[in-house]
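Data block below; observations after.
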Amino acid sequence: MTAVAPVPLLTLDDISLSFKGVKAVTSISFAVATGEICALIGPNGAGKSSLLNVINGVYQAQSGSITYAGQTRHHMRPHQAAEGGIARTFQNIALFKGMSVLDNVLTGRNLKRRSTWIEQMLRIGRAGAEDDEQREHAERVIEFLRIHPWRHALVGKLSYGLQKRVELARALAAEPRLLLLDEPMAGMNAQEKLEMSQFIRDINRELGTTVVLIEHDIGVVMGLSDHVVVLDYGRKIGDGTPEQVRNNPEVIAAYLGTRRSQPARSQ
């Protein structure tokens with residue numbers, strides 16, 4: 001019996017992006033299957049973050065198309081991405097430092113509100129019940145990521161590792177189908193990386209969320225991902241399972257290094 005190929009949730013077809021004539025990504029094509037964890041790896045400047053920005057509509061590619069959830073567009077707009085269930089974290093933490101953990105996570109529920117701004121301002125009509133509903137969901141996300149002891153703490157007073165977890169919680173509060181994580185473990189120690197890796201696994205397996213992440217730690221990538229795409233100078237040089245990528249001669253030469261027993265870390 002022939003195995004059925006996984007259905008792609010996201011397909012990039014011949015995506016090219018440049019800034020004032022400088023090419024950031026060139027003719028990139030790959031597909032992300034529904035329910036998988038896909039890692040984008042490559043040296044700094046390889047075009048990884050730019051590609052995430054194309055997927056969620058922050059950047060508009062000069063050519064190519066994006067097919068997401070069965071709908072093909074030449075340009076994804078940020079509101080289309082958000083409304084379609086694409087959520088994003090950033091390489092540099094982008095939280096409201098003067099607000100509590102709970103209030104930061106609640107900002108991830110904005111698109112789930114149906115009451116008007118007048119109802120919310122005067123707390124009339126649907127606003128009261130809706131506030132309770134959004135808070136209940138935010139609390140569940142906080143419990144899921146085990147940051148409940150800090151739910152009322154100001155984010156700016158938390159450790160770096162906890163702030164990264166709060167940012168993940170805010171993205172998760174939007175109930176995404178596709179979660180884009182830009183270096184979620186950057187700057188973390190070994191224990192924090194282990195914990196974050198487990199949270200990402202739990203989000204994928206327990207919530208069924210498809211994940212695309214950028215990560216420089218090859219050990220983390222190989223242990224966490226179902227699928228790895230390798231970029232170098234804006235071009236795709238590898239695409240497959242972690243094992244296939246690990247044994248790809250072009251990837252070994254350009255990114256992992258020539259000695260397989262000692263993969264090089266990107267600079």
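Highest mean packing comes first when the peptides 84-93, 17-26, 173-182 are listed by Cβ atoms within 10 Å, giving 173-182, 84-93, 17-26. Only one residue of Gly35, His227, Ala254 has its Cα farthest out toward the positive end of the dipole of the chain, where Lys and Arg carry +1 and Asp and Glu -1 on Cβ, and that residue is Ala254.
Taken over the chain, the percentage of Cα pairs per 5 Å bin, counting from 0 up to the bin with the maximum distance, is 1, 6, 12, 16, 18, 16, 13, 9, 5, 2, 1, 1, 0, 0.
Would you list Val228, Val221 from fewest to most Cβ contacts within 10 Å? Before the final figure, lay out each step's value.
Details: Val228 26, Val221 23.
Final ranking by Cβ density, sparse to dense: Val221, Val228.
Read-outs throughout are calculated quantities, based only on the coordinates presented, and are distinct from any laboratory measurement. The shown structure was predicted, so the numbers you read here are calculated from the model rather than taken from an experiment. FYI the Cβ positions are ideal-geometry reconstructions off the backbone, even for glycines, and counts take in every protein chain you see.
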